[in-house]
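These notes concern the structure reproduced below.
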């Protein structure tokens with residue numbers, strides 16, 4: 001029997017795979033997986049870089065300004081954010097940690113995991129965050145305004161917290177009921 005000798009194409013397949021991003025399904029509140037704490041990323045490798053790329057593609061398509069890995073059912077400490085108007089300033093935070101926060105601001109927040117719901121939440125007005133980038137290098141960033149709020153919001157997801165949990169029990173119950181009803185009507 002003749003068997004042609006084929007070259008090892010795995011490296012080629014992997015390079016092609018890294019050029020294409022995938023849209024990931026976003027979990028919706030009150031899905032219990034949104035309450036799972038994310039694990040620390042031990043090393044930044046091709047899989048983590050691909051996850052970050054897929055998350056950014058998903059965030060832009062949604063459309064949103066931030067997305068945590070928890071929201072796409074990957075429970076590792078990775079978030080992507082782009083608060084720029086022209087979507088040209090993508091930031092990836094791996095193993096982010098708040099090292100400073102100050103001031104207070106109050107503003108309306110929404111969430112890709114809580115579609116159609118916008119509520120007022122209090123947050124720190126300024127934050128300093130330390131994280132790894134997609135190359136595994138440590139960086140620090142001082143953030144204010146919308147970027148500071150978005151960082152805190154996405155980091156909450158990594159700790160298993162959704163922004164509606166800052167609201168009164170009554171509002172949480174109403175939001176949960178509304179979203180459960182919407183999901184039933186969708187299917």
### Query
Across every pair of different alpha-carbon atoms, what Kirkwood hydrodynamic radius in Å does region 21-186 reach?
16.1 Å
#### Entry: Stokes-Einstein D for region 24-72, Kirkwood Rh over Cα pairs, 37 °C, 0.692 mPa s (µm²/s)
280 µm²/s
### Query
Between the helical axis of 145-158 and the dominant principal axis of the chain, each derived from Cα atoms, what acute angle in degrees is found, rounded to the nearest 10?
70 degrees
### Task
May I ask what percent, to the nearest 5, of DSSP beta bridges between residues of the chain are antiparallel?
95 percent
#### Entry: Length-normalised contact order of region 21-186 in % [C-alpha pairs under 8 Å, at least 6 apart]
24 percent
### Query
So how do 153, 35 line up by other beta-carbon neighbours within 10 Å, fewest first?
35, 153
### Candidates 36, 55, 155: whichever shows maximal mean-square fluctuation once the chain is modelled as a Gaussian network with Cα springs under 10 Å
36
#### Entry: Cα centroid separation - region 134-159 against region 81-122, whole Å
8 Å
### Summary
Taking only the alpha-carbon atoms of region 60-147, the convex hull volume per residue, in cubic angstrom, is 108 Å³
### Query
Among 111, 150, 105, which comes first, then next, by fewest other beta-carbon atoms within 10 Å?
105, 150, 111
### Protection proxy ranking, peptides 175-182, 66-73, 124-131, average beta carbon neighbours within 10 Å, highest first
66-73, 124-131, 175-182
### Least to most buried among 168, 183, 113 (fewest other Cβ within 10 Å first)
168, 183, 113
### Query
Helix-derived [θ] at 222 nm for the chain: sum -39500 (n - 2.57) over DSSP H runs of at least 4, divide by residue count, nearest 500?
-10000 deg cm²/dmol
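Each value in this text was obtained by applying a stated rule to the coordinates, not by laboratory testing. Note that the coordinates shown come from a computational prediction; the quantities given were computed from them, not determined experimentally. With ideal geometry, Cβ positions are generated from the backbone for all residues, glycine too; neighbour counts draw on all protein chains shown.
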